[in-house]
1. Every residue in segment 24-40 that is among the aliphatic types (A, V, I, L, M), in a helix (DSSP H, G or I) and farther than 21 Å from PHE61 by Cβ, please.
2. Could you list all residues from segment 75-109 that are within 30 Å of TRP148 (Cβ to Cβ) and in a loop (DSSP other than H, G, I, E, B)?
3. Working only within segment 129-153, note down all residues that are out of contact with any Asp or Glu (no Cβ under 9 Å at 6 or more places or on another chain) and free of Cβ contacts under 8 Å to residues at least 40 places away in the same chain.
4. Evaluate the following for LEU45: is it at pLDDT 95 or above, open to solvent by less than 40 Å² (accessible area, probe 1.4 Å) and in contact with a Phe, Trp or Tyr (Cβ under 7 Å, 6 or more places away or on another chain)?
5. Within the group SER73, SER28, SER64, which residue is among the hydroxyl-bearing types (Ser, Thr, Tyr), open to solvent by less than 40 Å² (accessible area, probe 1.4 Å) and more than 30 Å from ARG104 (Cα to Cα)?
6. Which of the residues spanning segment 1-44 are β-branched (Val, Ile, Thr) and without any contact (Cβ under 8 Å) to a residue 24 or more places away in the chain?
7. Before we move on, is ARG57 free of Cβ contacts under 8 Å to residues at least 40 places away in the same chain, exposed (fewer than 11 other Cβ atoms within 10 Å of the Cβ) and either assigned to a strand (DSSP E or B) or of a type outside the set (A, V, I, L, M) (or both)?
Amino acid sequence: MFKTFALRGRELPLDVYGPRGLVDLLGSLKRVVGRLTYEVRLVELEPGDVLERDGYRLATFGVSHGVSSLGWSLIEATRPGRFDVEGADALGVPNGPERGALQRGETVTLSDGRTITPDQVLGPPRAGRKVVITGDTAPAEEIVEAAWGADVLVTEATFSEEERERAEETRHQTAAQAAELARRAEVALLALTHLSSRYFGPEIAGEAREIFPETVVPRDFDVIEVPFPERGPPQLVKGGALHRPEPEPVSP
């Protein structure tokens with residue numbers, strides 16, 4: 001990836017975030033990567049660190065894999081409540097900028113001098129979406145805490161339950177163990193990844209669904225759509241990436 005960006009003439013700096021050891025790891029790869037056309041800025045994170053972004057945050061949590069690893073929660077900001085059109089009409093709020101300002105949480109003053117506050121026309125705040133990705137890990141309480149109430153939990157199921165001892169030796173999970181975490185965390189959808197090549201997706205999915213029915217095992221080019229909660233549950237779209245329009249080119 002680093003070399004591809006360089007070959008395409010990238011000039012903007014690239015920030016790379018990861019767990020303890022990231023600096024040493026990529027430092028050892030310098031001779032392989034060679035000279036780049038842009039700056040790579042490395043940031044090592046600890047479990048519990050949070051990266052604030054526009055409209056969402058990325059929260060890290062510890063996982064159990066025998067090496068320094070992090071799980072990630074993408075958590076959208078709380079959204080304003082639904083706009084009460086009839087209530088706004090009754091208060092005499094005209095169509096236009098005033099309604100937009102109220103939806104953004106701003107107080108407005110009408111032409112007759114009356115002040116209208118957002119709580120007069122907005123319903124209760126609505127939660128944003130939450131997606132949690134663990135990477136490789138053995139079962140851990142930190143996952144249940146981080147994934148509590150998530151729309152989607154993406155975690156590994158390297159082995160089936162018959163190989164549970166092997167999973168423990170290698171600090172991985174069985175499908176049943178992953179499903180139990182999802183059940184306890186009360187997530188909406190469990191997506192299992194990192195399956196051993198000895199298994200087929202339906203085999204692993206069947207084991208997990210005995211404990212947590214809302215389980216999928218995505219394949220290459222599948223897409224998981226995550227609508228806002230009021231618009232329905234998340235769902236797997238098989239081959240969804242193959243039917244999407246090509247993205248617009250992005251300049252370096």
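The values are calculated or read from the model by the stated rules, or taken from the named source; none is laboratory data. Remember, it's a predicted structure, so these values are computed and weren't measured experimentally. Cβ sites come from the backbone with ideal geometry, for glycine too, and all protein chains shown count toward neighbours. Side chains are part of the model used for accessible areas, which takes the heavy atoms of the whole protein and leaves out ligands, DNA and RNA. Shrake-Rupley method; radii C 1.70, N 1.55, O 1.52, S 1.80 Å.
1. The answer is LEU26, VAL32, VAL33.
2. ALA77, THR78, PRO80, GLY81, ARG82, ARG104, GLY105
3. Those that are out of contact with any Asp or Glu (no Cβ under 9 Å at 6 or more places or on another chain) and free of Cβ contacts under 8 Å to residues at least 40 places away in the same chain: GLU141, LEU153.
4. Criteria met by LEU45.
5. From the options SER73, SER28, SER64, the qualifying one is SER64.
6. THR4, VAL23, VAL32
7. It is false that ARG57 is free of Cβ contacts under 8 Å to residues at least 40 places away in the same chain, exposed (fewer than 11 other Cβ atoms within 10 Å of the Cβ) and either assigned to a strand (DSSP E or B) or of a type outside the set (A, V, I, L, M) (or both).
Table: residues versus (1) at pLDDT 95 or above; (2) over 19 Å from GLY62 (Cα atoms).
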{"site": "LEU153", "(1), (2)": "yes, no"}
{"site": "ARG166", "(1), (2)": "yes, yes"}
{"site": "ALA176", "(1), (2)": "yes, yes"}
{"site": "ARG209", "(1), (2)": "yes, yes"}
{"site": "VAL237", "(1), (2)": "yes, yes"}
{"site": "GLU248", "(1), (2)": "no, yes"}
